[in-house]
Amino acid sequence: MACTDANHYIGGTYTAPAGTGLIQVVNPATGEVFGRAADGTAEDIDTAVGSARAALPGWAARGGKERAEVMERFADAIDGAGDRLASLVSTENGMPGFLSRLSQVTASASQLRYYAGLARETPEEETRPGTIGPVVVRREPIGVAGPIVPWNYPVSLIMMKLAPALAAGCTDVDKPNVICIFDGRWRL
């Protein structure tokens, strides 16, 4: 499987990077380069964060039920691409295929569904008893999440950060690890 991705995914579209650098991704089982991906620059990060900030009001305005529906479709897409995604992770970091399928695909889809359930069921505002009177607890998105993804469990560890952010109404800009850069760019 040869992979080449000379663009970044920003604002829902594949965008040419600001720089010309490429990252070579090596299959640890063979020691051979099996792909190349665009190396991000500070300008690319600024563009991605600006796009995520621009998308924040629209995503945050969706209620928990609507966010949950989107997240569940995302989980279904992960399940549907499971064999391809598991194979890609195994090629990138050497994880055995059965473990990749279980820990990267099944676990990631489960995390999305779990947080989708929380988004659906958790009220955006509730009144609780307080010491001197009622207290209003209001849940509001606070901005753009910026998780950094390690190489060893790249899909499930990003989902541990992405799923709660999406459920809360936040947008996201991921920084994938250069060892496992393609699993963050897989196409569903």
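Structure summary
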item	result
Pick from the range 112-129, criterion without any contact (Cβ under 8 Å) to a residue 24 or more places away in the chain and among the acidic types (Asp, Glu), ranking: nearest to Lys161 (Cα to Cα)	Glu125
Count of residues meeting criterion [under 16 Å from the mean Cα position of the chain (by Cα) and either farther than 23 Å from Tyr14 by Cβ or in contact (Cβ under 8 Å) with a residue 12 or more places away in the chain (or both)] in the range 54-86	18
Cross-chain or 6+ apart pairs with Cβ under 9 Å, the range 89-111 first and closer than 21 Å to Arg36 by Cβ and at pLDDT 95 or above, then in a helix (DSSP H, G or I) and not basic (Lys, Arg)	none
Residue list for the range 76-91, filter: surrounded by 19 or more Cβ atoms within 10 Å (Cβ to Cβ) and under 12 Å from Val155 (Cα atoms)	Ile78, Leu85, Ala86, Leu88, Val89, Ser90
Cross-chain or 6+ apart pairs with Cβ under 6 Å, the range 130-152 first and closer than 19 Å to Leu166 by Cα, then loosely packed, with under 10 Cβ neighbours inside 10 Å	Arg138/Glu125
Test result for Gly19, assigned to a loop (DSSP other than H, G, I, E, B) and either among the acidic types (Asp, Glu) or within 22 Å of Leu162 (Cα to Cα) (or both)	no
Evaluation of Ala165 against (1) over 20 Å from Arg36 (Cα atoms); (2) over 10 Å from the mean Cα position of the chain (by Cα); (3) buried (at least 19 other Cβ atoms within 10 Å of the Cβ) (one fails), failing number	(2)
Residue match in the range 114-123 (condition: among the β-branched types (Val, Ile, Thr), surrounded by fewer than 16 Cβ atoms within 10 Å (Cβ to Cβ) and over 13 Å from Ala168 (Cβ atoms))	no
Single match in Asp39, Asp5 (criterion: touching a Lys or Arg at 6+ places or on another chain (Cβ under 6 Å) and within 24 Å of Leu88 (Cβ to Cβ))	Asp5
Condition check for Tyr153: modelled with pLDDT of 95 or more, among the aromatic types (Phe, Trp, Tyr) and out of contact with any strand residue (DSSP E or B) (no Cβ under 7 Å at 6 or more places or on another chain)	no
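The values are calculated or read from the model by the stated rules, or taken from the named source; none is laboratory data. If you're wondering where the values come from, they're calculated on a predicted model, not measured in any experiment. Please note: Cβ atoms are built from the backbone with ideal geometry, for glycine as well, and neighbour counts cover all protein chains shown.
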